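The values are calculated or read from the model by the stated rules, or taken from the named source; none is laboratory data. What you are looking at is a predicted structure, and each value in this text was computed from that prediction instead of being measured. Virtual Cβ from ideal backbone geometry, glycine too; neighbours counted across all protein chains shown.
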Amino acid sequence: MAMIARIWGTLRCPSVKYSVLTLLAVGFVAGVLFWGGYNTAMEASNRLEFCISCHEMRDNVYQEYKQTIHYANRTGVRAICSDCHVPKDWAHKFVRKIKASGEVWGKLTGVIDTKEKFEARRMALAQNEWNTMKATDSRECRNCHGFTAMDVKRQKPRAQQKHQEAQQQGKTCIDCHKGIAHLLPRDYVEPDDE
């Protein structure tokens with residue numbers, strides 16, 4: 001009990017001007033405000049409007065995406081950019097946001113600021129995204145799609161066969177579903193085993 005009283009006394013004793021308890025309370029409130037602002041900014045940068053705010057995305061991949069089932073479908077469920085390109089859990093999301101700073105640098109330096117520059121780099125951009133998805137076992141795809149949730153009996157025979165083979169062979173979504181929401185690069189050659 002004496003130890004608790006001593007700790008409490010230390011927390012209440014004044015620093016130069018304010019008590020340690022006051023400083024801790026102010027620090028706590030400031031931390032909550034910072035964390036709330038930080039998370040608000042993280043979520044704002046996950047919105048579709050943010051993603052297509054630069055013409056590189058709006059005029060290229062966004063136009064392709066609008067023609068896919070991820071944009072418009074019979075059920076009205078829409079997957080936006082962040083659903084496929086930003087992890088949901090905080091740690092992986094933070095890492096992805098840091099990597100996105102390289103994309104901001106590309107925007108500032110005009111690496112893909114014209115349709116021609118974008119098309120010239122499309123294969124490298126796609127390969128980079130495919131490699132990321134392969135390395136994460138298509139984590140973002142699995143936020144909505146999963147082998148265990150599939151009703152295989154309602155799939156077409158080819159899809160049934162391919163999904164069963166994929167499960168047995170340890171494949172991930174991106175192994176077979178490249179070009180699902182964006183056009184494939186002109187110089188892409190589909191592997192024989194797909």
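Annotations
- Residue that is farthest from the chain's Cα centre (by Cα), among those in region 78-89 that are without any contact (Cβ under 8 Å) to a residue 40 or more places away in the chain and surrounded by 10 or more Cβ atoms within 10 Å (Cβ to Cβ): 78
- Boolean, residue 178 is touching a Leu at 6+ places or on another chain (Cβ under 7 Å), at pLDDT below 95 and within 23 Å of residue 68 (Cα to Cα): yes
- Of all the listed residues (22, 68), the sole one being farther than 30 Å from residue 145 by Cβ, out of contact with any Pro (no Cβ under 7 Å at 6 or more places or on another chain) and of a type in the set (Val, Ile, Thr) is 22.
- Residues within region 141-165 that are touching a Lys or Arg at 6+ places or on another chain (Cβ under 8 Å) and closer than 25 Å to residue 78 by Cβ, tallied: 1
- Residue in region 97-109 that is modelled with pLDDT of 90 or more and more than 20 Å from the chain's Cα centre (by Cα) present: yes
- Checked against the criterion of being touching a residue at least 60 places away in the same chain (Cβ under 8 Å), of a type outside the set (S, T, N, Q) and surrounded by 12 or more Cβ atoms within 10 Å (Cβ to Cβ), region 99-106 has no qualifying residue.
- Residue count for region 1-52, restricted to those that are small (Gly, Ala, Ser) and under 19 Å from residue 98 (Cα atoms): 5
- Residue in region 40-50 that is in contact with a Lys or Arg (Cβ under 8 Å, 6 or more places away or on another chain), closer than 30 Å to residue 94 by Cα and of a type in the set (S, T, N, Q) present: yes
- Search result, residues across region 5-36 that are farther than 30 Å from residue 94 by Cα, of a type in the set (Gly, Ala, Ser) and surrounded by 12 or more Cβ atoms within 10 Å (Cβ to Cβ): 19
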